[in-house]
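The structure appears right after this line, and notes come after that.
The values are calculated or read from the model by the stated rules, or taken from the named source; none is laboratory data. Quick caveat, the model's predicted, so the values are computed rather than measured. Cβ: placed from backbone, ideal geometry, glycine included. Neighbour counts: every protein chain shown. Note: accessible area is taken over every heavy atom of the protein model, side chains too, but ligands, DNA and RNA are not part of it. Shrake-Rupley method; radii C 1.70, N 1.55, O 1.52, S 1.80 Å.
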Amino acid sequence: MHTSEWLDHPLTVQGLTQAQVPLPRILNRIPFCVALLDTSKRVVFINRFMEALLGVTLEQVAGLPCQHVVRSNMCASRCPLKIMSPDSESVCREGDIIDRSRERIPVRITFAPVQDMEGNLAGWLECFEDLRAHKELEETRSTAYSFGPLLGHSRQIEALFRMVPGVAQTDSSVLITGETGTGKDILAEVIHQQSERAKGPFVKVNCGALPESLLESELFGHQKGAFTGATANKPGRFKLAHLGSLFLTEIGDLPKPLQVKLLSFLDDQVIYPLGSTKGVQVDVRVIAATNRDLQSMVKEGEFREDLLFRLNVVRLHLPPLREREGDVRLLLDHFLQVFMNKFRKQLSGFSEECLGVLLNYAYPGNVRELKNIVEFAVNVCQGSEIEVGNLPSYIFQTVEHPPEAQEHEGAQAAGPAPIQPSSEQSWPEVERQMILKALVQAKGRKSVAAKLLGWGRSTLWRKMKQYEIEG
Amino acid sequence: MTHIKTKVPAKLLIPVQGNDVAPRFDMSSEAWIGWINSAGKVKNQEILVLPHPSAEGMCQLILSQNAEVVICGGIESEYFDYLEWKSIIVFDSVIATYARAVEAYAQGELTQGFTDITSHQAGAAS
């Protein structure tokens, strides 16, 4: 139908309800800005929300090329419609438009093909979301020393905050490094939320949590009958993350055969499900994270150098809390507020002595540990402010003898394992020693060691992985 | 639609995209420039190329070329106001081929938001 005919005789939808309904009436009720284009990308219809966004009426713009109506920064060179086909999935992009009052408006646009009954291209649908309120909120947040859920005002973390928006807007692979508890998962999610893929899925996979055979199927999917028990096709996390981001945490634990498959995907964006010879093209951005030193793993032959180069396109390092000058105080106050609200308690803050202890503590578990300490303290505090006595007792040992504590931990890991826990040891340390002792007793046979410990083989395997004990 | 009195002779500059007036002032890296004489004829026309699309670069080009009239598509108020402050006449939200826009200017027909679909359909596709 020609555009002018559409205006004179608007299309109606039949069969949905008893009466015929004019399509514009439906589209005008959708609280999003919608534009319907013909196959040559000329405007056929815009709903009233779109009229309000652009500052034009349908009569003024019907039949005009979309790029002259919408005036987006994507139109000239980045228009997704140029590469989309009738059966393409929807594509979501962030950009801006200039309305008729000469205001630049940040928008998120979803592009989708419209097919006729035979599956041929009938036109295009564009949905616009006005992001002005969202961006304003972000600006307010950033003045309060935060970036999404990340918080900090130290030089190191502010440098990171400056980098993240730019990194998010690119489609490059990202490698996030940092000690445990520094917020790698949160940063990965922030990158996804700030990217043009924000409307797409964010799929997280812990590469260290599953044995190799399961992990391969989990990541790449499998065909029905690929192995015993494969009773149905499984899409795999890569496919589930199509048009979104796949977050591979503990990438250092990815087994070598899967490193090759991941490398192959990063090369051509094609995955091969288990048992299938046919590749599947997926549009996924890979974000990887690890607390291990991948460079030394490469030297030891545990991690592929070419994969490291591929993932290392953009590298973001989250500094440990002890290196973030001034952030401990900020985070203490922040989490105090969070847990006061959560537990409905009214506290005036930390006592001076308590604050002294907390500011001098090394936080080996970084932000996660700090958060847990504040949660504990708010929970147990009965007075009007948090006192030293409200803090978990283990932190005093480290405050008093931090260097010795570190050395002690290293010695325990390397030497023969005394099974009697000393008062300075945490449960994970004791458990690690138990495993080592059992393995020594069982002469390295894991099934015997598991029996000695009273665990299943898989539990032992998982714990060994957790404590990085080589089998 | 605001009607602005046509000034002739005048030096015109139009950010272009193919044969069209560029939909966005800041996304165009090419500009048509030419003289309209008192008889409404176009003289000394040429296409100038910027190293990359940018609103600042386009403004600089307009000033360095001593253009008196700018015909463009979407332009941010910041740059519109700046050009007006520099005494440059700006016709924005124009949708047409640049040839048609120049013709309309010479004939005194050009307005803010001037749209000529027929010239457009005959010209470049989107």
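A compact table of results
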item	result
Candidate set from the stretch A:52-86 (those that are touching a Gly at 6+ places or on another chain (Cβ under 7 Å) and not in a helix (DSSP H, G or I)); member that is nearest to the other protein chains (Cβ to nearest Cβ)	A:R71
Residue in the stretch B:7-23 that is open to solvent by 60 Å² or more (accessible area, probe 1.4 Å) and among the acidic types (D, E) present	no
Residue check for A:F335: crowded, with 19+ Cβ neighbours inside 10 Å and either in the same structural domain as A:D87 (by TED's automatic domain parsing) or part of a loop (DSSP other than H, G, I, E, B) (or both)	no
Residue list for the stretch B:57-87, restricted to those being charged (D, E, K, R) and within 14 Å of another protein chain (Cβ to nearest Cβ)	B:E76, B:E78, B:D81, B:E84
Selection count where residues are part of a loop (DSSP other than H, G, I, E, B) and free of Cβ contacts under 8 Å to residues at least 40 places away in the same chain, scope the stretch A:87-113	4
Qualifying positions in the stretch B:12-32 - outside any strand (DSSP E or B) and under 18 Å from A:R78 (Cβ atoms)	B:G18, B:A22, B:P23, B:F25, B:D26, B:M27, B:S28, B:S29
The stretch A:33-51: number of residues that are open to solvent by less than 40 Å² (accessible area, probe 1.4 Å) and either within 14 Å of another protein chain (Cβ to nearest Cβ) or aliphatic (A, V, I, L, M) (or both)	10
Helices (runs of 4 or more DSSP H) contained in the stretch B:36-126 and holding at least 1 residues within 25 Å of A:S40 (Cβ to Cβ) and open to solvent by 30 Å² or more (accessible area, probe 1.4 Å)	B:98-106, B:117-122
Residue in the stretch A:129-150 that is more than 15 Å from B:G74 (Cα to Cα), touching a Gly at 6+ places or on another chain (Cβ under 7 Å) and of a type outside the set (K, R) present	yes
Single match in B:V49, B:V21, B:V90, B:V16 (criterion: within 14 Å of chain A (Cβ to nearest Cβ), more than 19 Å from A:Q67 (Cβ to Cβ) and among the aliphatic types (A, V, I, L, M))	B:V90
Residues being open to solvent by 20 Å² or more (accessible area, probe 1.4 Å) and part of a strand (DSSP E or B) - total across the stretch A:314-332	3
Lone qualifier among A:A450, A:A438, A:A442 - being surrounded by fewer than 18 Cβ atoms within 10 Å (Cβ to Cβ) and not assigned by TED's automatic domain parsing to the domain that holds A:T249	A:A442
Single match in A:G252, A:G244 (criterion: among the small types (G, A, S) and within 17 Å of the chain's Cα centre (by Cα))	A:G244
Failed condition for A:R93, given (1) open to solvent by 10 Å² or more (accessible area, probe 1.4 Å); (2) within 14 Å of chain B (Cβ to nearest Cβ); (3) among the basic types (K, R)	(2)
Filtered residue count, the stretch A:96-120, keeping only those that are within 14 Å of another protein chain (Cβ to nearest Cβ), basic (K, R) and touching an Asp or Glu at 6+ places or on another chain (Cβ under 6 Å)	2
Selection status of A:E126, within 14 Å of chain B (Cβ to nearest Cβ), crowded, with 18+ Cβ neighbours inside 10 Å and either under 23 Å from B:T118 (Cα atoms) or charged (D, E, K, R) (or both)	yes
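The rows are residues; the columns are (1) in contact with a strand residue (DSSP E or B) (Cβ under 8 Å, 6 or more places away or on another chain); (2) under 28 Å from A:Q281 (Cα atoms); (3) open to solvent by less than 60 Å² (accessible area, probe 1.4 Å); (4) not assigned by TED's automatic domain parsing to the domain that holds A:M50.
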site	(1), (2), (3), (4)
A:P149	no, no, no, yes
A:E158	no, no, no, yes
A:P165	no, yes, yes, yes
A:E196	yes, yes, yes, yes
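Residue by residue, here is whether (1) small (G, A, S); (2) within 30 Å of A:R93 (Cα to Cα) holds:
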residue: A:G275; (1), (2): yes, no
residue: A:K278; (1), (2): no, yes
residue: A:L294; (1), (2): no, no
residue: A:L307; (1), (2): no, yes
residue: A:P320; (1), (2): no, no
residue: A:F335; (1), (2): no, no
residue: A:S351; (1), (2): yes, no
residue: A:V357; (1), (2): no, no
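Per-residue answers, yes or no, for (1) within 22 Å of A:I191 (Cβ to Cβ); (2) free of Cβ contacts under 8 Å to residues at least 12 places away in the same chain; (3) of a type outside the set (K, R):
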{"residue": "A:M297", "(1), (2), (3)": "no, no, yes"}
{"residue": "A:E305", "(1), (2), (3)": "no, yes, yes"}
{"residue": "A:F309", "(1), (2), (3)": "yes, yes, yes"}
{"residue": "A:V314", "(1), (2), (3)": "yes, no, yes"}
{"residue": "A:R322", "(1), (2), (3)": "no, no, no"}
{"residue": "A:E325", "(1), (2), (3)": "no, no, yes"}
{"residue": "A:D333", "(1), (2), (3)": "no, no, yes"}
{"residue": "A:Q337", "(1), (2), (3)": "no, yes, yes"}
{"residue": "A:N341", "(1), (2), (3)": "no, yes, yes"}
